[in-house]
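The next block holds one structure in the form of structure tokens; read it before the comments.
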Amino acid sequence: MAAPPLISSAYVYSPCSDSNSPSLLLLRKKEKNPGGSLLPPPHYLLPLLSTYCRRRPYYRNRAQQHPAERSIGIRTSRKHLPFPGGFSDAEENNLLQPMLLDLIRRLAGGGAIASILVSQFLAPLNNSAANAVLYSPDTKVPRTGELALRRAIPANSNVKAIQDSLEDISYLLRIPQRKPYGTMEGNVKKALKIAIKEKESILGSVPEDFKERGSLLYTSLIDGKGALQNLIQAIKENDPDKVSVSLASSLDTLAEIELLQAPGLSFLLPEQYLKYPRLTGRGTVEFTIEKDAGTAFFPIAGGQPQSLAKIQVILDGYSAPLTTGNFAKLVLDGAYDGARLKCTDQAVLVDSKLENSGYSVPLEVMPSGQFEPLYKTTLSIQDGELPVLPLSVYGSVAMAHSTDSEEYSSPSQFFFYLYDKRNAGLGGLSFDEGQFSVFGYTTIGREVLSQIKSGDLIRSAKLVEGRDRLMLPAETNQKLS
């Protein structure tokens, strides 16, 4: 079906001439032609406004606005809007729809023509499909592998509350010019209050074998180097660099506590899936990538070109135990040693023709807010369903689909996803979000991925951590008998 034209009967929609202006389409009059639509359909306007909301900061002071913002007269508060997701009904009614309608009126120049445009726009906006676009996807989807992995740990609710307060600071740090340090300080004090008040609950969730380590980490989080107290001091100094370093240190310590609280799966696997290998926690795989003859890897930090490069991937068995279990077993069996790689614009894929093939594992996706994965089904991003392990992260690792059925993953073929927001959809999410079994993220060697070319190969793949959490079918049968 052909896309509707961008030209209406009365107005032409054309990009801003200023290269620094937001990605909005401006209206300019042309000769009136009776009949036809005066406004492009909502699927044109919504992405435009979402791009504007994602990329432009919002200010109290009119003088601080970009000239293109002033020209259309959008009045906003000083913050990044969490568009286009995470809105409640009240927020949508009170904030989002008025902004959309105000934008239409301003572009139309007000008067009678604005009333026609508004009424024409409201009708399709009331259907469920258009409303779904307003609610999803959530802009606070993790954009780094480290953040996604931290959020995926099934830890104590009090620790998660501390984590949420601290992670909000990373979003506040992105605000240009005057940063809301007062709000940041409030977030840290809230986290500190929870940590002190709920100490017994936090440490009580740590298994007995790890109590000593848990106590040390807790003390470090409160008073140690890079602790919450130091984070408050960095915020008071209004130094964004110090805040960023101290925040990262606090979140790393918090993640260590969470991992101690989650020694295994927080749910029971369906009985029919107990025949598959499974990883009951985290694992680490180290790949050694070898360049094809005559080419080399160039270190980002300088130095001599190398024929070999290292890539490290963290496997998340908490969210994808079957997929990670099958993958870890293949690594142990040496299935990927010597495997050729091939590249597309958005992925680095391993050769699908391996001598040692694994299990045909069902598609496995853990939705956000759920306690166990879904099997043999994909997620509907437009309906607000988002995965715990998003594909829309540079260096995410996922299984390809089975050639026989999209309800199953390939027994052995996986790929590194080269996320690029320029090729993403609404909210910066990949068009394939929720369609693949994502099971881990590249944490070391991300810069190597862009240098891999078709014909390069995996010299070796080693499971360097997590063998004690890998349960193979034979071991499972012995424990069941």
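The values are calculated or read from the model by the stated rules, or taken from the named source; none is laboratory data. Computed from a prediction, not measured in an experiment: that's the story for all the values here. Here the Cβ is made from the backbone with ideal geometry for all residues, glycine too, and neighbour counts use every protein chain on show.
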Note on the stretch 373-411: residues of a type in the set (Asp, Glu) and within 19 Å of the chain's Cα centre (by Cα) are ASP383, GLU385
Can you tell me which residues in the stretch 258-298 are in contact (Cβ under 8 Å) with a residue 60 or more places away in the chain and of a type in the set (D, E, K, R)?
GLU258, LYS275, ARG278, ARG282, GLU286, GLU290, LYS291, ASP292
Restricted to the stretch 165-184, and to residues that are over 17 Å from the mean Cα position of the chain (by Cα) and either farther than 14 Å from ILE235 by Cα or among the basic types (Lys, Arg) (or both), which residue is modelled with the highest pLDDT?
SER165
Select from the stretch 274-294 the residues that are touching a helix residue (DSSP H, G or I) at 6+ places or on another chain (Cβ under 8 Å), surrounded by 15 or more Cβ atoms within 10 Å (Cβ to Cβ) and not in a strand (DSSP E or B) and list them in ascending order.
LEU274, TYR276, PRO277, THR280, GLY281
Residues of the stretch 295-328 being surrounded by fewer than 22 Cβ atoms within 10 Å (Cβ to Cβ) and of a type in the set (D, E, K, R), which ones?
LYS310
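Residues checked against (1) buried (at least 16 other Cβ atoms within 10 Å of the Cβ); (2) touching a helix residue (DSSP H, G or I) at 6+ places or on another chain (Cβ under 8 Å); (3) closer than 15 Å to THR323 by Cβ:
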position: GLY395; (1), (2), (3): yes, yes, no
position: ALA398; (1), (2), (3): yes, no, yes
position: THR403; (1), (2), (3): no, no, no
position: SER409; (1), (2), (3): yes, yes, yes
position: ASP432; (1), (2), (3): yes, no, no
position: PHE439; (1), (2), (3): yes, yes, yes
position: THR443; (1), (2), (3): yes, yes, no
position: LEU457; (1), (2), (3): yes, no, no
position: ARG467; (1), (2), (3): no, yes, no
Checking the structure you have, find out if any residue of the stretch 299-307 is assigned by TED's automatic domain parsing to the domain that holds GLY204, within 30 Å of ILE169 (Cβ to Cβ), hydrophobic (A, V, I, L, M, F, W, C) and touching a residue at least 40 places away in the same chain (Cβ under 8 Å).
no
Tell me which residues, restricted to the stretch 342-369, are part of a loop (DSSP other than H, G, I, E, B) and within 17 Å of GLU433 (Cα to Cα).
ASP345, GLN346, LEU363, MET366, SER368, GLY369
Going residue by residue through the stretch 130-143, is there one that turns out to be more than 29 Å from GLU372 (Cβ to Cβ), at pLDDT 75 or above and touching a helix residue (DSSP H, G or I) at 6+ places or on another chain (Cβ under 9 Å)?
no
Name every residue in the stretch 223-254 that is surrounded by 16 or more Cβ atoms within 10 Å (Cβ to Cβ) and among the aliphatic types (A, V, I, L, M), in order of residue number.
ALA227, LEU228, LEU231, ILE232, ALA234, ILE235, VAL243, LEU247, LEU251, LEU254
